[in-house]
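Asker: Following this message is one structure expressed as structure tokens.
The values are calculated or read from the model by the stated rules, or taken from the named source; none is laboratory data. Here the structure is a predicted model, which means the values were calculated and not measured. Here the Cβ positions follow ideal geometry from the backbone for every residue, glycine too, while neighbour counts run over all protein chains shown.
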Amino acid sequence: MSFRSDFYWGGATAANQLEGGWQEGGKGVSCPDVCTGGSATKSKRITPVLEEGTFYPSHDAIDHYHRYKEDIALFAEMGFKMYRFSIAWTRIFPQGDESEPNEAGLKFYEDLIDECLKYNIEPLITISHYEVPFHLTQKWNSWTDRRMIDCFLNFCRAIFTRYKGKVKYWLTFNEINSATTAMGAFLGQGILNEIKTMDFMDQVDVPNNRFQGLHHQFLASALAVKMAHEIDPNYQVGCMQIMATSYGLTCHPADQVKNQQQNHLRNWFCSDVQCRGKYPNYIKRYFKENNITVKMEPGDDEILAAGPVDFYTCSYYMSACQTADPAKQKAGQGNILGGVPNPYLKASDWGWQIDPEGLRYSLNEIWDRYQLPIFVVENGLGAYDKIDEDGKIRDDYRVDYLRQHIEQMHEAVLDGVDLRGYTPWGCIDLVSASTGEMAKRYGFIFVERYDDGTGDFSRRRKESFYWYKKVIETNGEDL
Ligand code: BGP
């Protein structure tokens, strides 16, 4: 057995991290547009006002807004079967709460979709990828407010209607479970809590806001699934999770229980709601013990039950360990969903521990739990790339990383997992979501754009470009 003959090989991006053109075509301001970043700051910062002259990475990003044809042609040259991208909500509804969509925004994505279809590349569209309209954050503190659901559904209706017959696969919220951590509040949900140092990673966390926001997102997601099926029965709508594989640090039963709790909260809670259509019992205990009160209305259970997703997708970059020993608990350590480092694994330059076997392990867990088709819609190695004197970019470290993960996906397929596609992250270099840097590169295609704002945006094939092309050509046989 091998990968399916119709396996979707491709790549993934997100609007705010590559498009640029942040005020063109009538686009409004998204939350990432008010973040500064780059290697000087090492992490993104929020400024409540847009300061003149400050370098905002998402303002220009890699100028895909003007160069999408060139980029899609390069993806086609690699043989992509699928391209995952997101639609910036603020291109369609600049403030987020208008009643009518912005035609220029709808047209931009229509052209982008048509360009993909020209090369037989199947679009996979993330409806909301870390880019809530900033106006809605200012007006209602974003997803903390139930009125967000209607705004989101208007957005969905506009794009589901417009792209009917051209698109089949949709994802509601990127990495929705990032909101089980403080980090996900602004980045994922557009929620602003009290900010201590102007650095959004340093917000005073208000867990109740995040979980209330998640409840509204779950409802919005379920209603969007239902709406999609009504508009076009061919539409398939999926969820999208960060799969942060987690192990007990030792075989001590207490570590295993701790690990199970971590998995429940971080890896399974959101997908359980989205795939099974109801809240799992374990989260009720967590809410109680952590004084979290989520306001729900009569009829919410029915809404969730009526809108389970059609397929499961996740990003996969790293794993971490859990321990019940408080002395060993060191928060963070580069593993974005928390935990302690695994002594058996090496890490990327950003401290993300590399664990290809964890992907096989997790894919089996996901399949056992949901029995839904699975796509791995993000995976990859953020690295410092350099252009050699002969103009080549020898990113063999990236090839090694991807090869090992593809091998483990293949093992999962042999285990019986229904794996449908693989779209590695940042198939073209783009702005990092967590740090705002250009220096953290994932692409098969190098973009001449640097953190000091220099660079002419020209594109260059890396060595991994030719490697991935061969992988696709041989349906994953020749790695
Ligand atoms: C995921 C996000 C992406 C992306 C990726 C890599 O969490 O969905 O938007 O950026 O991680 O992360 P980073 O850019 O921080 O290296």
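Asker: For the list (1) within 16 Å of the ligand (Cβ to nearest atom); (2) among the polar types (S, T, N, Q); (3) part of a loop (DSSP other than H, G, I, E, B), I need the number of the one condition that Ser362 fails.
Answerer: So the condition that Ser362 fails would be (3).
Asker: Please specify each residue of the stretch 109-136 satisfying the condition of being out of contact with any helix residue (DSSP H, G or I) (no Cβ under 8 Å at 6 or more places or on another chain) and within 14 Å of the ligand (Cβ to nearest atom).
Answerer: Leu124, Thr126
Asker: Let me ask something else about it. Would you check which residues across the stretch 1-23 are assigned to a helix (DSSP H, G or I) and either more than 16 Å from the ligand (Cβ to nearest atom) or not small (Gly, Ala, Ser) (or both) and list them?
Answerer: Once the filter is applied, which keeps residues that are assigned to a helix (DSSP H, G or I) and either more than 16 Å from the ligand (Cβ to nearest atom) or not small (Gly, Ala, Ser) (or both), the stretch 1-23 yields Asn16, Gln17, Leu18.
Asker: Can I ask one more? Could you check how many residues of the stretch 97-124 are touching a Lys or Arg at 6+ places or on another chain (Cβ under 8 Å) and small (Gly, Ala, Ser)?
Answerer: The number of residues fulfilling the criteria is 2.
Asker: Report whether or not Lys166 is more than 16 Å from the ligand (Cβ to nearest atom) and not in a loop (DSSP other than H, G, I, E, B).
Answerer: no
Asker: Moving on to the next point. Based on what the data block shows, is Arg398 away from the ligand (no atom under 16 Å from the Cβ) and not small (Gly, Ala, Ser)? Steps first, please.
Answerer: Values: away from the ligand (no atom under 16 Å from the Cβ): no; not small (Gly, Ala, Ser): yes.
So Arg398 does not fit the description; no.
Asker: Moving on to the next point. Can you name the residue in the stretch 256-282 that is buried (at least 20 other Cβ atoms within 10 Å of the Cβ) and over 23 Å from the mean Cα position of the chain (by Cα) and is also nearest to Trp352 (Cα to Cα) among such residues?
Answerer: Across the stretch 256-282, the extreme among qualifying residues is Asn259.
Asker: Then there is this: What are the residues in the stretch 1-54 that are among the basic types (Lys, Arg), modelled with pLDDT of 95 or more and under 21 Å from the mean Cα position of the chain (by Cα), if any?
Answerer: At the first step, the residues of the stretch 1-54 found to be among the basic types (Lys, Arg) are 4, 27, 42, 44-45.
After this cut, where a residue has to be modelled with pLDDT of 95 or more as well, the list is 4, 27.
None; the set is empty.
Asker: If you check every pair at least six apart or on different chains, which have Cβ atoms under 6 Å apart with a residue in the stretch 270-294 that is in a loop (DSSP other than H, G, I, E, B) first and a residue that is among the polar types (S, T, N, Q) second?
Answerer: Listed pairs, sorted by first residue: Ile292/Asn208; Val294/Gln212.
Asker: Please state which of the following conditions Gln260 fails to meet, knowing it meets all the rest: (1) more than 26 Å from Ala220 (Cβ to Cβ); (2) in contact (Cβ under 8 Å) with a residue 24 or more places away in the chain; (3) not in a loop (DSSP other than H, G, I, E, B).
Answerer: Only one criterion in (1) more than 26 Å from Ala220 (Cβ to Cβ); (2) in contact (Cβ under 8 Å) with a residue 24 or more places away in the chain; (3) not in a loop (DSSP other than H, G, I, E, B) is unmet by Gln260, namely (2).
Asker: May I ask you to list the residues in the stretch 226-242 that are in contact (Cβ under 8 Å) with a residue 60 or more places away in the chain and either surrounded by fewer than 24 Cβ atoms within 10 Å (Cβ to Cβ) or touching a Leu at 6+ places or on another chain (Cβ under 8 Å) (or both)? Before you say what the answer is, go through the steps one by one.
Answerer: Taking the stretch 226-242 first, the residues in contact (Cβ under 8 Å) with a residue 60 or more places away in the chain are 226-228, 231-232, 234-242.
If the condition is that a residue be in contact (Cβ under 8 Å) with a residue 60 or more places away in the chain and either surrounded by fewer than 24 Cβ atoms within 10 Å (Cβ to Cβ) or touching a Leu at 6+ places or on another chain (Cβ under 8 Å) (or both), then Lys226, Met227, Ile231, Asp232, Asn234, Tyr235, Gln236, Val237, Gly238, Cys239, Met240, Ile242 are the ones that fit.
Asker: Please enumerate the residues belonging to the stretch 243-257 that are in contact (Cβ under 8 Å) with a residue 24 or more places away in the chain and assigned to a helix (DSSP H, G or I).
Answerer: Selection gives Ala254, Asp255, Val257.
Asker: In the stretch 398-433, how many residues are touching a Pro at 6+ places or on another chain (Cβ under 6 Å) and surrounded by 24 or more Cβ atoms within 10 Å (Cβ to Cβ)?
Answerer: So in the stretch 398-433, the residues touching a Pro at 6+ places or on another chain (Cβ under 6 Å) come out as 404-405, 408, 418, 420, 431.
After this cut, where a residue has to be surrounded by 24 or more Cβ atoms within 10 Å (Cβ to Cβ) as well, the list is 405, 431.
Qualifying residue count for the region: 2.
Asker: Does Arg459 fit the bill of being more than 16 Å from the ligand (Cβ to nearest atom), surrounded by 15 or more Cβ atoms within 10 Å (Cβ to Cβ), over 22 Å from Arg4 (Cα atoms) and not small (Gly, Ala, Ser)?
Answerer: yes
Asker: Please specify each residue of the stretch 218-272 satisfying the condition of being of a type in the set (D, E, K, R) and within 16 Å of the ligand (Cβ to nearest atom).
Answerer: Hit for the stretch 218-272 is Arg266, nothing else.
Asker: Would you confirm, using the coordinates I've provided, whether Asp395 is of a type in the set (Asp, Glu) and at pLDDT 95 or above?
Answerer: yes
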